[in-house]
1. Using a 1.4 angstrom probe on the protein heavy atoms only, line up ILE134, ILE48 by accessible area, largest first.
2. Among PRO16, PRO26, PRO47, which one shows the biggest mean-square fluctuation in a GNM of the chain, springs joining Cα atoms closer than 10 Å?
3. Can you give the log10 of the normalised intensity I(q)/I(0) at q = 0.13 Å⁻¹, computed with Debye over equal Cα scatterers of the stretch 165-209?
4. Identify, among GLY78, PRO26, GLY58, the residue whose Cα sits farthest towards the positive end of the charge dipole of the chain, taking +1 on the Cβ of Lys and Arg and -1 on the Cβ of Asp and Glu, with the dipole about the Cα centre.
5. Just how large is the dipole of the stretch 15-131 about the Cα centre, in debye to the nearest 20, putting +1 at every Lys and Arg Cβ and -1 at every Asp and Glu Cβ?
6. Just tell me the longest site-free run in the chain, where the sites are GluC sites (Glu not before Pro) in a DSSP loop having at most 12 other beta-carbon atoms within 10 Å.
7. Go ahead and collect, in residue order, the members of the stretch 81-102 whose backbone nitrogen is under 20 Å from a label point 7 Å along the Cα-Cβ direction of ARG43.
8. Which value in Å does the Kirkwood hydrodynamic radius of the stretch 8-123 take, with 1/r averaged over all unlike C-alpha pairs and then inverted?
Amino acid sequence: RVGFDVLLVEREAAWPASGAGLSIQPNGLRALAGVGLRTPVERAGSPIDHWVFADDQGAALCDINLADVWGSVGQMVGITRRDLQDALVTAVGELRCRLGVSIVGLHERPESVDVEFTDGITDEFDLVIGCDGIRSVVRQLVFGDIEPTFAGHISWHSIAAVRLDRAATIEFWLGDGRFFGLCPVADGRTYGFGHVTRPRGRDPEAGRLHRQIGRAHV
């Protein structure tokens, strides 16, 4: 919109949406408004007016009216990652995109960067922005091998076709070293997320549900 010639590169051959859901804070929606995306994202999501923190039995510890916190900044919205991505992809419009390729080489010049792609094409750019995840290839090419550091947190995410009694409320149930959250998203669904603080380890899929239920009662 300000005159940059932008090329968006995506290593997948289509636009898959990974993950479950998220809540977009009002300052995030304000940033989206700056690129004309506030209205489509709000329509694709579900408004959130209250934020409730509860104990591990569901008794409310506090109930925050988000209008009192954010004021004129705007609305908070719960949304699935697929619905958010659909809104973003639609907004891409005529932007140049290259799907099914990724970066394998970066060569910096004083005023530009040569980029090598997996299909053998090399192109020159003024600026390269890497948004390619926790194991970023762009970061590796610039800084070398840097392994992510485990922060001691493990989480699970889901989308269920159920609606909370309080449809415009995000809830956090707090336990000792753990919490569980429920966030409304569009079409009568709810985004659920569980979180524990514990050492890193693999949790086999077989029997996982019963182990998680057991942990919840510890």
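The values are calculated or read from the model by the stated rules, or taken from the named source; none is laboratory data. None of the values given here were measured: they were computed from a predicted structure. As a convention, Cβ positions derive from the backbone with ideal geometry for all residues, glycine included, and neighbour counts pool all protein chains shown. Just so you know, the surface numbers come from the protein's heavy atoms only, side chains and all, with ligands and any DNA or RNA stripped out. Shrake-Rupley method; radii C 1.70, N 1.55, O 1.52, S 1.80 Å.
1. Numbers: ILE134 125, ILE48 0 Å².
So, going from the largest accessible area down, we get ILE134, ILE48.
2. Residue with maximal mean-square fluctuation among PRO16, PRO26, PRO47: PRO16.
3. Per q value, in the given order, log10 I(q)/I(0) is -0.42.
4. Toward the positive end, the furthest listed residue is GLY58.
5. On the way: 8 positive and 17 negative charges, 73 e Å.
Computed about the Cα centre, the dipole is about 360 debye.
6. Numbers: sites that count: GLU12, GLU94, GLU111, GLU205.
The longest uninterrupted stretch comes out as 112-204.
7. Residues 81-95 qualify, since their backbone N sits under 20 Å from the label point.
8. Details: mean 1/r = 0.0576 Å⁻¹.
It works out to 17.4 Å.
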